[in-house]
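Shown next, in structure tokens, is the structure this report addresses.
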Amino acid sequence: MEVQVSGAPVYTATGGKDFDPSLPTVLFLHGSGGDHRTWALQTRYFAYHGYSVLAPDLPGHSLSGGEAFTTIEQSSPWLAQFLDACGAGKIHIVGHSQGFLTALAFAKDNAERIVSLTAIGTAAAIPVNQALIDTAKESTTKAADMMVNWGFGPAAHMGISSVPGMQPLGICRAIMSANPLAADLQACADFTRGAEISKSLTMPRHCILASADKMTPMKSGLKLAADMQCRAVILENYGHMLPLEAPKPTLLALRAFLESL
């Protein structure tokens, strides 16, 4: 599905079904350098089990036009316009890594539109190594290589894949190499209001973390869960790229939360 936001096209995956605003809606927000393919399994499941789903390529990413956000705060008014363009009302939000920071910025200004909020492989603050940002400015491909090396757990590096014949490391590298990593990483590094916003949330909240996450270490995720006063589900031996690396365990943890509501 494609909609226009601020004069630019926005591509949105809907899980293989037409978007129906009369159904409960789940909005999936990808992380730095990502796109809608982050959520291939999760969007399809919910679209075929009583929900409508929206998984946009954020501005400047993959199939969407426009310019990438230079600050996390810029994403809040854009998301409100995007949801209006789709005809969506109240929503469940699921954010991975930077996508959760985007969700926090939106929650600060639009809490009344959020039914629930789920954090996946993230923290209230994501202090990015300056060397990674500098590398991304010089070569997105080199930065993508670094993030793939750090972002996946040991099983993925041994070639184990949840989808026979497909390698999540290669998929992730290809997606990130073509997207504005430097802008995304700088926006994460500059965002400082995450903990403050996290402590103020009142809608149902959930946190899904990975024990082998090197990019947003589990201790930071547990601090986020404590700030949000919610339960954290720990997926053992997986890395930062949970939706791609562990699509089924991630889906099961998300299902358990959303279906309980």
Need the list of lysines near residue 223 for cross-linking: C-alpha distance under 20 angstrom, and skip anything on the same chain fewer than eight residues off.
108, 199, 214
Once the piece of chain linking residue 211 and residue 260 is laid out straight, how much longer is it, given 0.36 nm per residue of separation minus the C-alpha distance between them?
15.2 nm
Run the helix sum for the chain: -39,500 (n - 2.57) per DSSP H stretch of 4+ residues, divided by residue count, reported at 222 nm to the nearest 500 deg cm²/dmol.
-12500 deg cm²/dmol
For the pair residue 160 and residue 1, what calculated FRET efficiency results from E = 1/(1 + (r/R0)^6), where r is the Cβ-Cβ distance and R0 = 45 Å, to the nearest 0.05?
0.85
Listed residues 99, 16, 34, most fluctuating in the chain (Gaussian network, C-alpha, under 10 Å)
16
Looking only at lysines whose Cα falls under 29 Å of residue 17's and that sit 8 or more positions away or on another chain, we get 90, 248
Is the shape of segment 113-261 best called rounded, prolate or oblate, per the rule: a/c under 1.5 gives rounded, else a/b larger than b/c gives prolate, else oblate, with a ≥ b ≥ c the square roots of the Cα gyration tensor eigenvalues?
oblate
Given a 10 angstrom Cα cut-off, can you work out which residue in 73, 245, 138 is the most mobile in a GNM of the chain?
138
Among the trypsin sites (Lys or Arg not before Pro) in segment 204-259, which ones are in a DSSP loop with at most 12 other Cβ atoms within 10 Å of the Cβ? Mind listing them?
231
Convert 10 °C to kelvin, take the viscosity as 1.306 mPa s, use the Kirkwood radius over C-alpha pairs of segment 1-131 as Rh, and evaluate the Stokes-Einstein diffusion coefficient in µm²/s, rounded to a whole number.
109
Quickly rank 188-201, 48-61 as a protection proxy: mean count of other C-beta atoms within 10 Å, highest first.
48-61, 188-201
For segment 109-155, which whole percent of the accessible surface, found with a 1.4 angstrom probe, sits on carbon and sulfur atoms?
53
I need the peptides 129-137, 23-31 ranked by packing, meaning the mean over residues of other C-beta atoms within 10 angstrom, with the highest value on top.
23-31, 129-137
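The values are calculated or read from the model by the stated rules, or taken from the named source; none is laboratory data. Remember, predicted model here, so these are calculated numbers, not experimental data. Neighbour counts run over all protein chains shown; Cβ positions are idealised from the backbone, glycine included. The protein model used for the area step is the full one, side chains on, heavy atoms only, and it has no ligands, DNA or RNA in it. Shrake-Rupley method; radii C 1.70, N 1.55, O 1.52, S 1.80 Å.
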